[in-house]
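The values are calculated or read from the model by the stated rules, or taken from the named source; none is laboratory data. Remember, it's a predicted structure, so these values are computed and weren't measured experimentally. Quick reminder, even Gly has a Cβ in these numbers, built from the backbone with ideal geometry, and neighbours come from all protein chains shown. Note: accessible area is taken over every heavy atom of the protein model, side chains too, but ligands, DNA and RNA are not part of it. Shrake-Rupley method; radii C 1.70, N 1.55, O 1.52, S 1.80 Å.
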Amino acid sequence: MSTHHRADAGKITKFEHPGRGRTRVRPVPKGRQVDPDASAEIKALLADSPRQRDLLIEYLHRVQDTYGRISAAHLAALADEMRLAFAEVFETATFYAHFDVVKEGERNIPALTVRVCDSLTCALCGAERLLATLQRELGEGVRVVRAPCVGLCDHAPAVEVGHNFLKRADVTSVKSAVGHHDTHPHIPDYIDYDAYRAAGGYRTLERLRTGALSAAEVLEVLDDGSLRGLGGAGFPTGRKWRSVLGEPGPRLMAVNGDEGEPGTFKDQYFLNSDPHRFLEGALIAAQVVEAADLYIYIRDEYPISREILANEIARLPPGGPRIHLRRGAGAYICGEESSMLESLEGKRGLPRHKPPLPFQVGLFGRPTLINNVETLYWVRDLIERGAAWWKSHGRNGRTGLRSYSVSGRVRQPGVKIAPAGVTVQELIDEFCGGMAEGHRFTAYLPGGASGGILPASMNDIPLDFGTLEKYGCLIGSAAVIVLSDKDDVRYAALNLMRFFEDESCGQCTPCRVGTQKARILMERGAWDTALLGELSQCMRDASICGLGQAAPNPVDTVIRYFPELFRATPPGGAEAGPVSQA
């Protein structure tokens, strides 16, 4: 066995072989070397911050924000500083879309990246044409790429210049932002801590902490009001809190603010306008389940929400759980709860196998309460106004309030606070001012990308949990995208399948390969509906998580409810005229 001796200068390595009478000298130590300059830069960026494994993604953001990219030298230096294998750091950095990793031997990436959203609503509004023009006309120092939904569907098309998001963007506005280096988010007016307290905010939390209001009373109100998780799954909130409380401590809490479903932007609306109502709900939840730490996971596409929360959390009085604000990095899969937990731990966002469920074994292996932003937003009102108030809202046999993210061919898109169970026709007519000028209602997505596509003739279905499943659809996070006679529903389904293919984490074959094969079949002029049906069934039966299980919903519902599209193939196939870019 050889023995290894590193010279003081760290530049040579001697290998002494006993009994052989000679020493071989290698010019540098074996393995990847850490560049001294990169090491000094990483040390300066991290400063006195703890070198915890779960902070890896936060530190990758620091590098990205500082240099506009992440070099191989910085990756190696970060791995060395955090005492991690280079492979761990590399695989994490390359998993997330918003980390621009420059691999060894590759050309450097421009410091400024312009991202053009190409999800369905932005595609309806000319995103493809805008993307092509910007790629052609912006200078060499700017990289222009397509991006999945950025949560500005009501202001489509959306473009991100650095961390500044442009609403209803065009070539002129993008060039102006690039030319003026306008790359930082613009913070809107919102209800800050002082205004929230002046209007009675945090009184309910204080009553809970002092014992004037008991945890049992809070749980009883949640049960009586039938508040459900509003991130998509719809699990009863009171029952979930009880399940976590029934597990042995210490317990943790995590907030899922990674709404990446195309067409969804409700959480951003709440965070950017009334953040403390959400924060009070989160702190009430943490108090009830006795969580010592509260982790808030916000998608990277929401820099405004993140900055607002950082500012307002700093103003909270002492007491209660430690609050950790964590930043996603561009991965739709992290909206799945177990993927989010993996990301919070500083890893790739790969879904976990279940059981155990997160309320049993969650973040860092501890029982963890996971709630959506909107669910927590309603907690204070429900406690203060009572279950009867909550139940007084609702239509068509449903109860409560819901926020519907409405986009597409309507006159007034946006977040609509409406009674649970409202129909799409009621949403269009009463809350959106009708259809956009020159457009006739023909189809709609009742629940975002994975919720399926229905014809306008089915406009009387209550939009709520349990009402859409028999039609092969889901309400999910209540993202409603309205299509018109100017749009091709087959192209809409193809756009969504491309999104799922791009966002698949790649862990399981049915999803990784299934989304790709489905996209290829859908790009053909004539759809092989029988083969697509078999592929859909395989994906639903064998995918690990909801992404692969729900990805076939749009194609399945188009085949089921738009049979006239498959009796004859239009000239040029499915992509002859995908959408009107009006």
Note: among V145, V89, V114, just one is surrounded by fewer than 16 Cβ atoms within 10 Å (Cβ to Cβ), within 26 Å of A72 (Cα to Cα) and of a type in the set (A, V, I, L, M), namely V145
G139 vs (1) of a type in the set (G, A, S); (2) modelled with pLDDT under 95; (3) not in a loop (DSSP other than H, G, I, E, B): all pass except (3)
Considering residues that are in contact with a Ser or Thr (Cβ under 6 Å, 6 or more places away or on another chain), over 27 Å from D488 (Cα atoms) and among the polar types (S, T, N, Q), the number found within segment 387-446 is 0
Counting only residues in segment 371-383 that are of a type outside the set (D, E, K, R) and open to solvent by 10 Å² or more (accessible area, probe 1.4 Å), the one nearest to A291 (Cα to Cα) is identified as N372
Exactly one of V101, V114 is within 20 Å of S343 (Cβ to Cβ) and hydrophobic (A, V, I, L, M, F, W, C), and that residue is V101
The correct count of residues that are surrounded by 12 or more Cβ atoms within 10 Å (Cβ to Cβ), in a helix (DSSP H, G or I) and among the charged types (D, E, K, R) in segment 509-537 is 3
Of the candidates L341, L325, L350, the one satisfying the condition of being in a helix (DSSP H, G or I) and either without any contact (Cβ under 8 Å) to a residue 60 or more places away in the chain or under 17 Å from the mean Cα position of the chain (by Cα) (or both) is L341
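So which residues in segment 257-270 are more than 22 Å from D192 (Cα to Cα) and open to solvent by 10 Å² or more (accessible area, probe 1.4 Å)?
Scanning segment 257-270 gives D258, E259, E261.
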Flagged in segment 200-217 as surrounded by 11 or more Cβ atoms within 10 Å (Cβ to Cβ) and either among the aliphatic types (A, V, I, L, M) or at pLDDT below 95 (or both), in numbering order, are L205, L208, A212, L213, A215
Qualifying residue in segment 530-545 (condition: under 19 Å from the mean Cα position of the chain (by Cα), among the charged types (D, E, K, R) and at pLDDT 95 or above): no
A97 passes all but one of the listed conditions (1) surrounded by fewer than 20 Cβ atoms within 10 Å (Cβ to Cβ); (2) in contact with a Gly (Cβ under 6 Å, 6 or more places away or on another chain); (3) assigned to a helix (DSSP H, G or I); the exception is number (3)
Just one listed residue, out of G408, G320, G386, G346, is buried (at least 24 other Cβ atoms within 10 Å of the Cβ) and on the phi > 0 side of the Ramachandran plot, and it is G408
Is it the case that T368 is closer than 25 Å to F265 by Cβ and among the β-branched types (V, I, T)?
no
Within segment 492-508, the residues that are open to solvent by 10 Å² or more (accessible area, probe 1.4 Å) and touching a residue at least 24 places away in the same chain (Cβ under 8 Å) are N495, F499, D502, E503, S504, C505, Q507, C508
Per the list (1) within 21 Å of T375 (Cβ to Cβ); (2) in a loop (DSSP other than H, G, I, E, B), residue check on V361 breaks on (1)
Within segment 239-256, residues being more than 28 Å from A158 (Cβ to Cβ) and buried (at least 20 other Cβ atoms within 10 Å of the Cβ) number 6
Within segment 51-90, the residues that are among the charged types (D, E, K, R), under 23 Å from the mean Cα position of the chain (by Cα), at pLDDT 95 or above and within 19 Å of D37 (Cβ to Cβ) are R62
Among (1) farther than 30 Å from L350 by Cβ; (2) charged (D, E, K, R); (3) open to solvent by less than 10 Å² (accessible area, probe 1.4 Å); (4) in contact with a Phe, Trp or Tyr (Cβ under 7 Å, 6 or more places away or on another chain), K416 falls short only on (3)
